[in-house]
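Student: Pasting in a structure now, in structure tokens, and then I'll have a few things to ask.
FYI, it's all coordinate maths here, none of it is from the lab. Fair warning: this is a prediction, and the values are worked out from it, not measured in the lab. As a convention, Cβ positions derive from the backbone with ideal geometry for all residues, glycine included, and neighbour counts pool all protein chains shown.
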Amino acid sequence: RLHAIGVRVALDDFGAGYNSLTYLHALPVHMVKLDRGLAVGADPVHDLALYRSVIGLCDELGFSVIAEGIESMAQLDIVRAAGCHLA
């Protein structure tokens, strides 16, 4: 009923704590908010690969993706290169 009136559900802090890929299947979510911890890696190549993997999976499942914790142009460049349009 909520979906019918325009309410959308976001899975927050994905990629941290107890969040799991099973939540993407088990919960009625429309959007995934990537945890800011994914943005603070020391290796840009590794960061890009991680973002591409998660964003690609979410795209295939039809979820919108928001990258949280983007605080520098370098981080923004990485999430853009990975295909994320919201930060």
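Student: Do you know the relative contact order of the chain, to the nearest whole percent, from alpha carbon pairs under 8 angstrom that are 6+ apart?
Tutor: Relative contact order here is 27 percent.
Student: Test of the criteria: in the stretch 11-72, which GluC sites (Glu not before Pro) are in a DSSP loop and have at most 13 other Cβ atoms within 10 angstrom of their Cβ?
Tutor: Sites meeting the loop and neighbour criteria: GLU71.
Student: Continuing with this model, one more query. Stokes-Einstein diffusion coefficient for the chain at 25 °C in a medium of 0.890 mPa s, Rh from the Kirkwood formula over Cα pairs: what value in µm²/s?
Tutor: 185 µm²/s
Student: So if R0 is 25 Å, what FRET efficiency would ALA74 and ALA10 give, r being the distance between their Cβ atoms, rounded to the nearest 0.05?
Tutor: 0.50
Student: Just tell me the longest site-free run in the chain, where the sites are trypsin sites (Lys or Arg not before Pro) in a DSSP loop having at most 14 other beta-carbon atoms within 10 Å.
Tutor: 9-87
Student: So which chymotrypsin sites (Phe, Trp or Tyr not before Pro) in the stretch 1-49 pass both tests, a DSSP loop state and at most 10 other Cβ atoms within 10 Å of the Cβ?
Tutor: Answer by residue number: TYR18.
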